[in-house]
């Protein structure tokens, strides 16, 4: 073969074969885009675990004192509205088995972090990673696992998959009708307006919606905001053009509020733990516990309880669809001690 013919051959390989390879599943921009979305999370999503928030003079020497309602408790725990129903039965079982009195209260992430800052609880539990203001002197964070967050649509919607870019354009208000979204088979979605629904909670810490759009000002003016999880389910269930987001367990938990459908992102299901662990499924919540360390604030019983809860997370992977921290660590996600601080490396 002459040099000229070899050059021609290489040219046609580049023109014909490369586009074919790029279009294959797992090599396509759809697959890579989702994977790339989780790279660099330690800089764009998680706060730096080495930077501790400064507190007023004398605060560090303040002991933990339970509130009057939990004055006689061996351990006081405050959990957000995700972790409370998830771990309360487990904590009650642990208390009975170990002959302990454990006081457990439910609140929002703001209420939980407020009780932690006032040093009225031994354990705090959040559905988000800690923000900069949460990293207090003597406070240690431990990650139980992550829960994939599904994009939810009305069950009558024929769309069952969107790309991450399409989802972002929907919530930005750039894509206005479902007929602008095409299914993998080339069919268009229903010719009805898209009604985005959002719950922009925990604005002071990295919440799951920030993996969709990193700032509340990026959401379009057509966004319907809801304040509670049941409202998210009911709003999407009754509006044919709606799209929202929530962990899959809450779809079943609040089924009495209406039926909703979880759709795929970039072809990946929120129930596919293998793809979640690989970083190809891009939306999730981070379930986090905090405990005190140091003289005057540390409760050894609290440390033992959290260690038990981390172990119990291993069996929550089924119905509750939680990926335990141990599986993330094995897959190369970044940790600082027992705290998740970055995506797959």
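Since every read-out is calculated from the coordinates, none of them should be taken as a lab result. Please read all numbers here as calculations on a predicted model, not as lab measurements. Using ideal geometry, Cβ is built from the backbone for each residue, glycine included, and neighbour counts are taken over all protein chains shown.
Some observations on this one:
- Cα-projected label distance for residue 330 with residue 88, points at 7 Å along beta-carbon direction, nm: 3.2 nm
- Cβ-Cβ FRET estimate between residue 259 and residue 307, R0 fixed at 30 Å, reported to 0.05: 0.20
- Length added when fully stretched, residue 133-residue 71, from 0.36 nm per residue minus Cα-Cα: 19.6 nm
- By other beta-carbon atoms within 10 Å, ranking 232, 55 with the fewest at the front produces 55, 232.
- Estimated FRET transfer efficiency (residue 97, residue 274; beta-carbon r; R0 41 Å; 0.05): 0.75
- In percent, rounded to a whole number, the relative contact order of the chain is 25, using alpha-carbon pairs under 8 Å and six or more apart.
- Taking each DSSP H run with n ≥ 4 as -39500 (n - 2.57) and averaging over every residue of the chain yields -8500 deg cm²/dmol at 222 nm.
- Relative contact order for the stretch 67-200, counting Cα pairs under 8 Å that sit 6 or more residues apart, in percent: 19 percent
- The ranking of 41, 86 by Cβ neighbour count inside 10 Å, starting from the fewest, reads 41, 86.
- Along each principal axis, Cα extent of the stretch 259-328, largest first, Å: 51, 23, 21
- Alpha carbon Rg of the stretch 191-292, scaled by the compact-globule rule 2.2 N^0.38 Å: 1.13
- Against the chain, whose longest principal axis comes from its Cα atoms, helix 300-312 is set at around 30 degrees.
- Between helix 3-12 and the chain: long-axis angle, C-alpha atoms, 0 to 90°, nearest 10: 60 degrees
- For 115, 251, the sequence from fewest to most other C-beta atoms within 10 Å is 115, 251.
- Within the stretch 98-130, backbone nitrogen closer than 18 Å to the virtual label 7 Å beyond the Cα of residue 53 toward Cβ: 107-130
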